[in-house]
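Engineer: The structure follows.
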Amino acid sequence: MSCKRPSLSGRNETAQHFSDRAADALGVMLHAAALGNLGMAQVVAWVDTQDFKTPATYLKRSVVARDVLAGVERLEARERGGVMGTATRAIRAWRFDAPRRASTPPNEGDESARWLDADKFAASAADTILIVCPSEDADQIAPLVVGLLEDLRRSIYRQSARVVADARAEGDLSVERREPPVLAALDELANIAPWPALPAVLTEGGGRGLIVSGVLQDLSQARERWGQQGASLPSLAGDLVVLEGVRDPHTLELLSTILGEVWEPVQTVSEGESASYAPGGVMASGRGRSRGRSVTPQQMPAMSAGQISQIEPGTALVIQRGQSWGMIELGNWDQHPAWQAIADHINRTPPP
């Protein structure tokens, strides 16, 4: 079980204190639930009722974890309420029945269970999990999505390591990861999937069986979620697709910098006036005008920030590995043969 650290809009020390203590308490309760093979329904109940004694019974061998719970329980009532209120906000996603069922271990023979075992998923040929979240529920669902992503990341990394080790044992040095790799296609990345591990996954995930395709409105969202690392996400990603409508100046300047510079011929025109003089300073032949043209190469942005901001609807700027780029025309998803085949299969499949 994993849980995203509670996120708070306030940045003062009191809010941070509540956030840290809530994260500690939740972490211990989640650990207790895992040891007891319990689900999130029990964790939600412990948090709601401020029950510290029941989870402690599953932590007989963990003195530190029991001390964390005891420390929160001994807080003054108002402070304890603030800590557990923060914990409650962090697990709001589990107020919905579906997330509770999906995070509760099934009883043997229970056909209605929707339990996802991350290790079994990573070891199978499956590579698709669909999560649909209304935008108005994004803040509540985000901790669940991040917890799921983190569990899957660890399981996929372990599975890739096992696959590589087995191949090496048989003398095959060509295997580098789990195949096929898992694609995490994350729309509204900053709101629905504010994954703390994202910068690291962009750097190392491809070689360990996990590929990320994420969507951001602009880098202002990334800076707010991931700080300085968020500002550099484009340099960590392999390929970038930029659609129309980007207005954030920092994002536009960074994209222009990534595209680099090119040598462009620049024409300059010069004009001058001349006169000739006889000995003694007397003008001999009047004044004349001269006009000259010259072309010199100068380094210019391959695409300026202003040009990127004016990308037209129906087109996109594609940057591959920061080395090559170009403009492409976009088509409707149902015009692509692969998606047409999927849509046709769905239409032919009778409902359950």
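The values are calculated or read from the model by the stated rules, or taken from the named source; none is laboratory data. Owing to the predicted nature of the structure, the values given are computational and were not obtained by experimental measurement. No Cβ is skipped: glycine too gets one built from the backbone with ideal geometry, and neighbour counts run over all protein chains shown.
Engineer: If you go through region 287-301 one residue at a time, do you hit one that is within 25 Å of residue 245 (Cβ to Cβ) and modelled with pLDDT of 75 or more? Full working, then the answer.
Structural biologist: Of region 287-301, the ones within 25 Å of residue 245 (Cβ to Cβ) are 300-301.
In the following step, the residues that additionally are modelled with pLDDT of 75 or more were identified as 300-301.
The answer is yes, given that some residue of region 287-301 is within 25 Å of residue 245 (Cβ to Cβ) and modelled with pLDDT of 75 or more.
Engineer: Something else now. Taking residue 245, is it in the same structural domain as residue 306 (by TED's automatic domain parsing), surrounded by fewer than 17 Cβ atoms within 10 Å (Cβ to Cβ), among the small types (Gly, Ala, Ser) and closer than 30 Å to residue 306 by Cβ?
Structural biologist: yes
Engineer: Whether any residue in region 79-87 is modelled with pLDDT under 95, in a loop (DSSP other than H, G, I, E, B) and under 16 Å from residue 144 (Cα atoms) is what I want to check.
Structural biologist: no
Residue-by-condition table, conditions (1) in contact (Cβ under 8 Å) with a residue 60 or more places away in the chain; (2) closer than 24 Å to residue 136 by Cβ; (3) among the aliphatic types (A, V, I, L, M); (4) not in a loop (DSSP other than H, G, I, E, B):
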position	(1), (2), (3), (4)
153	no, no, no, yes
173	no, no, yes, no
178	no, no, no, no
196	yes, yes, no, no
206	no, no, no, yes
212	no, no, yes, yes
221	no, yes, no, yes
246	yes, no, yes, no
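Engineer: Would you confirm whether or not region 255-265 contains a residue that is assigned to a strand (DSSP E or B), loosely packed, with under 11 Cβ neighbours inside 10 Å and either assigned by TED's automatic domain parsing to the domain that holds residue 311 or at pLDDT below 90 (or both)?
Structural biologist: Looking through region 255-265, at least one residue is assigned to a strand (DSSP E or B), loosely packed, with under 11 Cβ neighbours inside 10 Å and either assigned by TED's automatic domain parsing to the domain that holds residue 311 or at pLDDT below 90 (or both).
Engineer: Just wondering, is there one or more residues in region 179-195 that are modelled with pLDDT of 90 or more, farther than 24 Å from residue 314 by Cβ and among the acidic types (Asp, Glu)?
Structural biologist: No - not one qualifying residue is present in region 179-195.
Engineer: Still on this structure, please answer the following. Checking residue 202 against (1) among the aliphatic types (A, V, I, L, M); (2) outside the structural domain of residue 310 (by TED's automatic domain parsing); (3) assigned to a loop (DSSP other than H, G, I, E, B), which test does it fail?
Structural biologist: (3)
Engineer: Residues to consider are 124, 135, 103; find the one that is modelled with pLDDT of 85 or more, under 30 Å from residue 213 (Cα atoms) and either assigned by TED's automatic domain parsing to the domain that holds residue 213 or crowded, with 21+ Cβ neighbours inside 10 Å (or both).
Structural biologist: 124
Engineer: Kindly check whether there is at least one residue in region 227-242 that is free of Cβ contacts under 8 Å to residues at least 12 places away in the same chain, at positive phi and surrounded by fewer than 20 Cβ atoms within 10 Å (Cβ to Cβ).
Structural biologist: Yes.
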